[in-house]
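The values are calculated or read from the model by the stated rules, or taken from the named source; none is laboratory data. Since the structure is predicted, the reported quantities are computational estimates derived from the model, not experimental observations. Note that each Cβ is placed from the backbone with ideal geometry, even for glycine, and that neighbours are counted across all protein chains shown. For the accessible areas, the whole protein counts, side chains as well, though only heavy atoms, and no ligand, DNA or RNA atoms are used. Shrake-Rupley method; radii C 1.70, N 1.55, O 1.52, S 1.80 Å.
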Amino acid sequence: MKAAIVTEYRKLVTTRMWWILLLAMAAYMLFLAAAMAWAFGQGQSTGPSGDGDVVITPEMTVRTVYALAVSLGYVFPLVVGGLSFSGEFRHKTVTPTLLAEPRRGVVVLAKLVAGAALGLVFGVVGTLACVGAGSGVLAALGEPTFLGDPVAWRTIGLSVLALALWSLVGVALGSVLTNQVAVIVVALAFTQFVEPIARVALGSIDGGARIAAYLPGAAGEAVSGGSFYAASGIGELLPVWGGLLVMLAYVAVLAGTGRLTTLRRDIT
């Protein structure tokens, strides 16, 4: 098992795609966090105000700035995880992979563990980009950064975990959709269009918000303990443990489906 994990991890990090996506995520989150922090700091206050200003709290700062990657940047670890299986099928390396490790369940588990490790890298980089850019802009505006508050660091740590989980979802999705183009298109379409629209639509009907909380994006945000969308009043979130269980359930269902379909038939 250890050899299989090392092999799968090396497959991921010896290509250029992972660090290209990592750099793109870092640049994207630097820009978004800086822009959000600037917008967040305009017209706000840190104490009681009689002019209708919103009081800045550590929770609000973290959810709208520091944990922004969980709401708007999770597509990057999702895609890099999805390339784990689909890349093998595209480049025809899946056959030697299964010859070297004929136990297909072990291959799935090894890819999940390797994907989780790389997902942690994306989680750390994406979250630190938000924290660095966001806190810098807030400090420049004379607003508190709350980086000395344990609530902030708890959510920052959970943000890293949530992004790592998205890499697991990507690996599991790739075991079902082995076409690389299909994986990327489905990941982009679902995360950027389908789920955001579904969450808004469900939030407008009675009981719909509770259903929307079980969608993967909302579950990922729940793992971090809050999100930009939730802070904006869009929908409800599960508790941290509930979001973690829902995310792991998505991974288990997708990975199990891939094991019983894609990896059950003969591959040549």
Quiz item: Largest first, what is the accessible-area ranking of Phe31, Phe40, Phe122, Phe89 with a 1.4 Å probe?
Solution: Phe31, Phe89, Phe40, Phe122
Quiz prompt | Charged-residue dipole, Cβ positions (Lys, Arg, Asp, Glu), the chain about Cα centre, Debye nearest 20 | solution = 1380
Exercise. Rounded to whole Å and sorted largest first, list the principal axis extents of the Cα atoms in the stretch 123-229.
Key: 46, 37, 22
Quiz item: Could you give the nm distance between label points at Leu99 and Ala140, where each point is 7 Å from its Cα heading toward the beta carbon?
Solution: 5.6
Quiz item: For the chain, what are the DSSP H helices with axial Cα length of 18 Å or more and mean Kyte-Doolittle hydropathy of at least -0.5?
Solution: 17-41, 75-90, 104-140, 150-176, 240-260
Exercise. Enumerate the aspartates and glutamates that Lys11 could reach by cross-link, defined here as Cα to Cα under 14 Å, with residues fewer than 8 away along the same chain left out.
Key: Glu88
Exercise. Add +1 for every Lys or Arg and -1 for every Asp or Glu among the other residues with Cβ under 13 Å from the Cβ of Leu12, and state the total.
Key: +2
Exercise. Would you kindly state how much longer the chain becomes between Asp149 and Ile211 on full extension, computed as 0.36 nm times their sequence separation minus their alpha carbon distance, in nm to one decimal?
Key: 19.1 nm
Quiz item: Convex hull over the alpha-carbon atoms of the chain: what's its volume per residue in Å³?
Solution: 127
Exercise. Please report, as a whole percent, how much of the solvent-accessible surface of the chain comes from carbon and sulfur atoms (probe radius 1.4 Å).
Key: 69
Exercise. Arrange the residues Val65, Val176 by how much accessible surface each exposes, largest first, with a 1.4 angstrom probe.
Key: Val176, Val65
Practice problem: Can you figure out the FRET efficiency of Leu245 with Ala182, using R₀ = 30 Å and their beta-carbon distance, to the nearest 0.05? | Solution: 0.60
Quiz item: If you average the sequence gap of Cα pairs under 8 Å that are 6 or more apart and divide by the length of the chain, what percent do you get for the contact order?
Solution: 25
Quiz item: Given springs between every Cα pair under 10 Å in a Gaussian network model of the chain, which of Val113, Val253, Val171 has the largest fluctuation?
Solution: Val253
Practice problem: Take the Cβ-Cβ distance between Glu59 and Arg10 as r, set R0 to 45 Å, and report the resulting FRET efficiency rounded to the nearest 0.05. | Solution: 0.65
